[in-house]
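Derivation of every value follows stated rules applied to the coordinates shown; laboratory data play no part. What you are looking at is a predicted structure, and each value in this text was computed from that prediction instead of being measured. Quick reminder, even Gly has a Cβ in these numbers, built from the backbone with ideal geometry, and neighbours come from all protein chains shown.
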Amino acid sequence: MAKYLVQESGPLRGTVHISGAKNAVLPLMAASILTKEPCRIKDVPNLLDVEVMCRILRDICGTIVENEGDEYGTLLIDMGPLCKTEAERDLAIQMRASFLIMGPLLSREGKAKVYMPGGCTIGARPIDLHLKGFEAMGAEVVAKDDYVEATAPEGGLVGSRIYLDFPSVGATENIMMAAVLAKGTTYIENAAEEPEIVDLANFLNKMGAKIKGAGTDIIKIEGVESLHGATHTVIPDRIETGTFMLAAAITRGEVLIKNIVPDHVRPIASKLRECGVTVELTDEGLYVNGGDRKLVATDIKTLPYPGFPTDIQSPFMAFLTTVEGASTVKETVFENRFMHVAELNRMGAKIRTEGNRAFIQGGKQLEGTKVIATDLRAGAAMVLAALAAKGTTEVEKISHIERGYEDFVEKFRSLGASILKIED
Ligand code: UD1
């Protein structure tokens, strides 16, 4: 299997351009199921997960043109007549976001069958909230060992008031997509407020939906008869942005990050500033300098947006291992999202965990060794740690990283990182 060889790289310097957001584009692609007219999505990152979603949409007989009109990153998705209302098992289990086709299929075709989603192994990751939403809209849901089948009542889904026990991103998106063609009005209470939700609502509204309140904890969706095609540009990836902010910090380098939305990375910027890292918004982008001041330890607690993002927890922890003093990290969004701790400790970090809390004794010199990318973001964390570690680090299972970061190696190399991909 392919792996990365990463050498201690000294301060990274230069400019990096952020790609369209993985977590925004996958729901946008699923939303294109809601109309028989073609939709155009721009700034789509070239990622394995996007490729899997393309295959899922083609499998139900959609037509997709990649790099349409010679425009790199533009997808033309035409979900005209569909031939199936279920996603092929082998495709669906490759990523959790495959479940996002359930709401649109149920809404448009009145039924859907989806195999249990896969994706990163970060805790139990149930789908009960998605199903609770569909049931509240009148669907009959049958959950078996490895698949879920849902059928809308005669006459279609009916608008409802749905309270989410946790502001789940995926459940908010799935329910919102199911509700746009339902009869009557749906309210999602305790909805997720992530920027990707707002991006999806903007796209759906361009398609003719009537959604208000996306980005707050109550979303109101008035059902409409039908939706039409639309063109939309994906928002920049705030997690990729955070990863490069941390690349500058952990190597004590100086990086200008372009194509960003400053508000989306506010919690990451604030915590980095607390540690003494310079983070400044300039006319050209976000300037991050980790080398002009003495850095200090801090405490992190992950929360739903606008709190500190769980997807940046592991990269931030890698950085904290290099900062003198004691830091703590509390993970409140996912269970079992500390698998990178063992890998960081194998590099010489001193991290102890107790339930959902990690205690980091920072300032240890990391040493290169063989490590595993235990999930997508943990993989990025291992590469960051490797840049600051003495000698060579071998990062294995990099397919996780390539699921979610476009041109990962090329972007790091352009900043002066010594990173090589070895194909086996
Ligand atoms: C999305 C992101 C992922 C990010 C996460 C949290 C995509 C493709 N992925 O994942 O990168 O880490 O948001 O910001 O956008 N939960 C339930 N029942 C449910 C659904 C979720 O209990 O039906 C729980 C989960 O187990 C987890 C928490 O809610 O503990 C958050 O999950 P959720 O917000 O749904 O994450 P995803 O949408 O899967």
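Can you classify the range 115-207 as rounded, prolate or oblate using the Cα gyration tensor, where a ≥ b ≥ c are the square roots of its eigenvalues, rounded means a/c under 1.5, and otherwise it's prolate if a/b beats b/c and oblate if not? Since a/c reaches 1.5 but b/c is at least a/b, the shape of the range 115-207 is classed as oblate. Could you give the angle, 0 to 90 degrees to the nearest 10, between helix 22-31's Cα long axis and the longest principal axis of the Cα atoms of the chain? It is inclined by approximately 10 degrees.
With an 8 Å cut-off on Cα pairs and a minimum separation of 6 or more residues, tell me the relative contact order of the chain in percent. Spell out each step's value before the answer.
On the way: 1067 pairs, mean separation 86.1, N = 424.
For the chain, the relative contact order is 20 percent.
Sequentially through the range 198-210, phi angles give Karplus couplings (6.51, -1.76, 1.60; θ = phi - 60°) of 5, 4, 5, 4, 4, 5, 4, 5, 5, 7, x, 6, 10 Hz, Gly and Pro residues having no value and appearing as x. Classify the chain from the C-alpha gyration tensor, please: rounded if a/c falls under 1.5, else prolate or oblate depending on whether a/b exceeds b/c. It is prolate, given that a/c is not under 1.5 and a/b is the larger ratio. If you average the C-alpha positions of the range 134-166 and of the range 386-405 separately, how far apart do those two centres end up, in angstrom? Between the Cα centres of the range 134-166 and the range 386-405 lies a distance of 40 Å.
Loop-only check: which trypsin sites (Lys or Arg not before Pro) in the range 348-424 are DSSP coil with at most 14 other Cβ within 10 angstrom?
Sparse-neighbourhood loop trypsin sites (Lys or Arg not before Pro): K350.
If R₀ is 30 angstrom, what is the calculated FRET efficiency for the pair E423 and E88, using the beta carbon separation as r and rounding to 0.05?
About 0.65, to the nearest 0.05.
Sorted from longest to shortest, the spans of the Cα atoms of the range 6-49 along the three principal axes equal 52, 19, 12 Å.
With K and R counted +1 and D and E -1, the other residues having a Cβ less than 14 Å from that of D59 yield a net charge of +1.
Shown here for the range 195-285: GluC sites (Glu not before Pro) in loop regions (DSSP other than H, G, I, E, B) with at most 10 other Cβ atoms within 10 Å, namely E225, E284. The simple spin-label model puts a point 7 Å past each Cα toward its Cβ; for D283 and S270 those points are separated by 3.0 nm.
Report the net charge of residues surrounding T186, where surrounding means a beta-carbon distance below 12 angstrom and charges are Lys +1, Arg +1, Asp -1, Glu -1.
Spelling it out: positives minus negatives among the neighbours equals +3.
If one computes the Cα centroid of the range 280-295 and of the range 17-53, what distance in Å separates the two points? Between the Cα centre of the range 280-295 and that of the range 17-53, the gap is 31 Å. Over all other residues within a Cβ to Cβ distance under 12 Å of D311, the charged ones net out to -2, with Lys and Arg as +1 and Asp and Glu as -1.
Given 0.36 nm per residue, what is the gain on full extension from M339 to R413 after removing their alpha carbon distance, in nm?
24.0 nm
Each of E410, E154 has some number of other Cβ atoms within 10 Å of its Cβ, and from fewest to most they run E154, E410. For K390 and Q361, the FRET efficiency from 1/(1 + (r/R0)^6), where r spans their Cβ atoms and R0 equals 25 Å, is about 0.85.
The average projected area of the range 139-258, computed from the convex hull of its Cα atoms over all directions, is 10.4 nm². Helix 376-388 axis versus longest C-alpha principal axis of the chain: approximately 20°, rounded to the nearest ten. Note: relative contact order over the range 1-143, using C-alpha pairs below 8 Å and six or more positions apart, is 20 percent. For the chain, the mean residue ellipticity at 222 nm estimated from helices alone is -9000 deg cm²/dmol, where every DSSP H run of n ≥ 4 contributes -39500 (n - 2.57) and the total is divided by all residues, rounded to the nearest 500. The angle separating the long axis of helix 48-59 from the principal Cα axis of greatest extent in the chain is about 20 degrees.
Taken over the range 250-354, the convex hull of the Cα atoms encloses 102 Å³ per residue. Label-to-label distance, K206 versus K258, with points set 7 angstrom from Cα along the beta-carbon direction: 2.2 nm. Note on K144: aspartates and glutamates with a C-alpha under 18 Å away, same-chain residues under 8 apart excluded, are E86, E88, D90, D128, E135. Computed over the range 276-420, relative contact order equals 18 percent, with contacts defined as Cα pairs under 8 Å that lie 6+ residues apart. Full extension of the chain between Y72 and D59 gives 2.3 nm of extra length, using 0.36 nm per residue less the Cα-Cα distance. You can think of it this way: the chain between V142 and E222 has 26.1 nm of extra reach, that is 0.36 nm per residue less the Cα-Cα gap. Give the cross-link partners of K301 among the lysines, using a straight C-alpha distance below 26 Å as the criterion and excluding same-chain residues fewer than 8 apart. Those lysines meeting the cut-off are K22, K271, K330, K350, K364.
Under 16 Å of direct C-alpha separation, and excluding same-chain neighbours fewer than eight residues apart, K421 reaches these aspartates and glutamates: E8, E394, E396, E402, E406, D407, E410.
Taking a ≥ b ≥ c as the square roots of the Cα gyration tensor eigenvalues, the range 370-416 comes out oblate, since a/c reaches at least 1.5 and a/b does not exceed b/c.
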